[in-house]
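S.K.: Please read through the structure below; I'll follow up with questions.
The values are calculated or read from the model by the stated rules, or taken from the named source; none is laboratory data. Source: prediction; values computed, not measured. Note that we place each Cβ from the backbone using ideal geometry, even for glycine, and neighbour counts take in every protein chain shown. Quick note on the areas: whole protein, heavy atoms, side chains included, nothing else; ligands and nucleic acids left out. Shrake-Rupley method; radii C 1.70, N 1.55, O 1.52, S 1.80 Å.
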Amino acid sequence: MRRARYRVKINVNEGLQNLTQKAEIPSTLALRELLKKRIVFLDGAMGTMLQRYRLEEKDYRVGKFSNVEKELKGNSDLLSITRPDVVGEIHRLYLEAGTDIIETNTFSATTIAQADYGLESCVEEINLASAKLARKVVDEYEKAHPGQKKFVAGAMGPTNRTASLSPDVNNPAYRAVTFDQLVDAYAEQARALIKGGVDLLLAETVFDTLNLKAAIFAIEKVFDEMPHRLPVILSVTITDASGRTLSGQTVEGFWNSVRHARPWAVGINCALGARDMRPYMEELSRLADCHTSCYPNAGLPNPLSETGYDETPEDTSAILEEFGQSGFLNIVGGCCGTTPEHIAAIVEKLSKFPPREIPVIEPRTRLSGLEAQNISASGNKPFYMVGERTNVTGSPQFKRLIAEGKIDEALTIARQQVENGANIIDINFDEGMLDGEKSMTHFLNLVASEPDISRVPIMVDSSKWTVLEAGLKCTQGKSIVNSISLKEGEAKFLEQARLCQRYGAAVVVMAFDEQGQAATKEDKVRICRRAYDLLLGKLDFDPCDIIFDPNILTDRKS
């Protein structure tokens with residue numbers, strides 16, 4: 001381990017200007033204006049309401065679905081096709097209760113989740129039908145209630161698999177789903193929802209941040225195909241009183257991992273009732289420089305109650321009333337166990353409060369593993385320690401252990417670095433006899449299974465872009481890419497930087513250009529300045545995510 005030579009370059013005055021922003025469509029402008037005026041209300045649970053109708057297997061087996069081999073009862077998303085009357089009525093009830101935004105009935109409408117029912121080929125159809133149905137209900141409501149603008153959110157659930165955890169206790173490196181598979185699934189869903197007429201996208205109930213990072217990557221990929229962007233809301237679920245996601249991240253660690261998406265809103269939903277959710281909403285409302293959302297369960301599960309949850313509309317709304325009074329909220333609604341009666345009570349109690357004011361956040365390099373690691377531009381500006389012993393080019397011991405397949409001992413080196421004070425660990429597999437992509441993936445999957453190691457950010461280190469990218473697909477936290485440069489010209493530099501941005505990573509920029517390594521002080525400054533201007537001017541890159549390595553240690557005379 002050694003003192004890092006990396007220092008953060010921040011120019012607040014040049015800021016985060018969205019130089020590539022596309023024109024906003026009327027529904028986006030209308031939602032923007034509404035969020036300025038008041039707290040916006042989201043709908044409540046779809047599944048809870050469907051239980052009231054006591055639907056049977058035959059309700060799912062309509063038309064082409066009559067002869068599907070697997071049992072379909074429980075596949076709620078399918079009801080947008082087979083029982084649109086029921087789903088449409090639920091949407092209408094929520095609108096009448098005062099909801100501003102209704103969610104499409106598509107929580108499980110991905111190829112990954114629909115595989116349980118053998119309906120992977122029907123995903124586009126389900127999403128299109130659900131979006132068109134919600135759009136139709138909203139349009140009819142607006143026609144009957146002039147002046148009341150309502151919106152449709154395309155609901156994108158977390159899938160039923162996790163990219164950061166192994167389902168096999170005997171093989172912690174195994175994954176039941178890959179980042180690329182998630183990207184493909186989410187992209188197909190997003191395209192269909194947008195084609196069906198949604199006004200915004202809502203990636204919700206996130207229990208694994210790597211899944212959400214794949215969803216963000218997919219959404220950006222789809223937006224590239226469009227003349228405009230839609231608002232995006234991200235919503236995480238905190239699973240218990242530990243204040244962490246199922247995959248182990250803290251609230252701040254989560255926010256650092258996904259803030260590159262520049263969402264319209266970030267929030268918390270499901271898993272907990274509002275009372276238990278309060279400290280985490282308070283923290284998120286302090287951290288997030290965007291709108292916040294909250295839609296809790298109606299307390300904790302109780303299978304003996306009518307809705308499966310204990311809280312009455314009066315209970316839930318009373319707790320959320322205090323959230324509004326405390327200034328935590330821009331968007332509020334309900335999750336499991338909530339009904340139109342809950343939403344009506346929430347609207348009544350919270351309409352009197354102004355929306356939360358978005359705070360001005362100090363510019364910092366905000367990294368994360370399971371926990372946040374923030375590097376400030378103010379104060380004493382200490383050096384941060386990068387542990388480089390998990391690097392086959394810099395540690396003969398680590399190289400030998402990897403070559404001999406002694407992975408447990410190699411992990412011990414990573415653990416020792418963190419225990420000895422490393423703020424970040426650098427991982428590198430650049431060795432001719434190794435399959436770099438495979439080794440990086442395998443080792444990072446194992447690191448993810450070790451909370452005492454993965455609590456710190458990862459510096460993915462390689463001279464090969466394919467290895468860097470393989471590493472980025474394994475890290476749920478906000479990582480650092482080491483490194484990119486202008487060595488192969490501006491086009492390649494911007495291409496790689498754009499992908500780092502999409503994966504949510506900070507970058508180390510080496511002082512190389514087409515003529516080679518910078519040797520003089522003037523060349524170092526010139527190349528770094530050029531790279532910085534390109535990143536901000538062409539990509540709207542967050543300046544806090546740019547770290548320069550001017551190769552000072554290789555040329556002491558400069």
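S.K.: If packing is taken as the mean number of other Cβ atoms within 10 Å per residue, what is the order of 167-173, 457-463, 485-491, highest first?
M.R.: For the peptides 167-173, 457-463, 485-491, the packing ranking is 457-463, 485-491, 167-173.
S.K.: Give a quick list of chymotrypsin sites (Phe, Trp or Tyr not before Pro) in region 237-345 that DSSP marks as loop, anything other than H, G, I, E or B, with at most 12 other Cβ atoms within 10 Å.
M.R.: none
S.K.: I need the Debye-formula profile for region 147-243: one equal scatterer per C-alpha, no solvent, reported as log10 I(q)/I(0) at q = 0.16 1/Å, two decimals.
M.R.: -0.70
S.K.: Note the listed values [x] 78, 54, 50; [y] 76, 51, 41; [z] 167, 67, 45, then indicate which one is Cα extents along the principal axes in Å calculated from this particular structure.
M.R.: Answer label, from the structure shown: [y].
S.K.: May I pose another question? Given only helices, namely DSSP H runs of n ≥ 4 each adding -39500 (n - 2.57), what is the per-residue ellipticity at 222 nm of the chain, to the nearest 500 deg cm²/dmol?
M.R.: Mean residue ellipticity, 222 nm, calculated: -12000 deg cm²/dmol.
S.K.: Tally up the carbon and sulfur contribution to the accessible surface of region 192-341 as a whole percent, 1.4 Å probe, everything protein left in place.
M.R.: In region 192-341, the share of accessible area belonging to carbon and sulfur is 53 percent.
S.K.: Along each of the three principal axes of the Cα atoms of region 37-116, give the extent in whole Å, ordering the values from largest to smallest.
M.R.: Largest to smallest, the principal-axis extents are 50, 26, 18 Å.
S.K.: So, one more: Label points 7 Å out from Cα along the Cβ direction at Asp540 and Asp289: separation in nm?
M.R.: 1.4
S.K.: Still on this structure, please answer the following. So what is the relative contact order of region 388-438, in percent, for Cα pairs below 8 Å that sit 6 or more residues apart?
M.R.: Result for region 388-438 is 43 percent.
S.K.: Mind jotting down the three principal axis lengths of region 321-464 based on Cα atoms? Whole angstrom, largest first.
M.R.: So the extents along the principal axes, rounded to whole Å, are 66, 42, 28.
S.K.: Shifting gears a bit: Which of the listed residues, Val137, Gln148, Asn170, is farthest toward the dipole's positive end in region 135-175, when Lys, Arg count +1 and Asp, Glu count -1 at the beta-carbon?
M.R.: It is Gln148.
S.K.: Separate question: Cα axis of helix 407-419 to longest principal axis of the chain: angle in degrees, 0 to 90, nearest 10?
M.R.: Taking the Cα atoms of the chain, the angle to 407-419 is about 90 degrees.
S.K.: Something else now. Can you tell me the 0 to 90 degree angle between the C-alpha axis of helix 521-539 and the longest principal axis of the chain, rounded to 10?
M.R.: 10
S.K.: In vacuum, with every alpha carbon of region 258-338 counted as one equal point scatterer, what does the Debye formula give for log10 I(q)/I(0) at q = 0.15, 0.21, 0.24, 0.27 Å⁻¹? Two decimals, please.
M.R.: Treating every Cα as an identical point scatterer, log10 I(q)/I(0) equals -0.50, -0.87, -1.06, -1.26.
S.K.: Would you mind getting the accessible area per residue of the chain, heavy atoms of the protein chains only, 1.4 Å probe, in Å²?
M.R.: Dividing the accessible area of the chain by its residue count gives 41 Å².
S.K.: Here is a follow-up. To the nearest 10 degrees, how steep is helix 209-223 against the longest Cα principal axis of the chain, on a 0 to 90 scale?
M.R.: For 209-223 against the chain, the angle is about 80 degrees.
S.K.: Let me ask another. Using a 7 Å offset from the Cα along the Cα-to-Cβ direction at both His228 and Glu348, what is the distance between the two label points in nm, to one decimal?
M.R.: Label-label distance for His228 and Glu348, simple model: 3.7 nm.
S.K.: Work out how much length Thr520 to Arg400 would gain on full extension: take 0.36 nm times their residue separation and subtract the Cα-Cα distance, in nm to one decimal.
M.R.: 39.5 nm
S.K.: Translational diffusion coefficient, Stokes-Einstein: compute it for region 385-507 using the Kirkwood radius over C-alpha pairs as Rh, at 10 °C and 1.306 mPa s, and state it as an integer in µm² s⁻¹.
M.R.: 110
S.K.: If you take the Cα atoms of region 98-202, find Rg, then find the Kirkwood Rh from the mean of 1/r over all pairs, what is Rg/Rh?
M.R.: Radius of gyration relative to Kirkwood radius: 1.11.
S.K.: Also, quick follow-up: Restricting to Cα pairs below 8 Å that are 6+ residues apart, what does the relative contact order work out to for region 245-370? Please round to a whole percent.
M.R.: Averaging sequence separation for qualifying contacts and normalising by length gives 30 percent for region 245-370.
S.K.: Rg over Rh of region 199-331, using C-alpha atoms and the Kirkwood radius, what does it come to?
M.R.: Here Rg/Rh amounts to 1.00.
S.K.: Which order, highest average first, do 105-115, 46-56 follow once you tally other Cβ atoms within 10 Å for each residue and take the mean per peptide?
M.R.: The most tightly packed comes first, giving 105-115, 46-56.
S.K.: Please report the antiparallel percentage of the DSSP beta bridges confined to the chain, to the nearest 5.
M.R.: Roughly 20 percent of the beta bridges in the chain run antiparallel, per DSSP.
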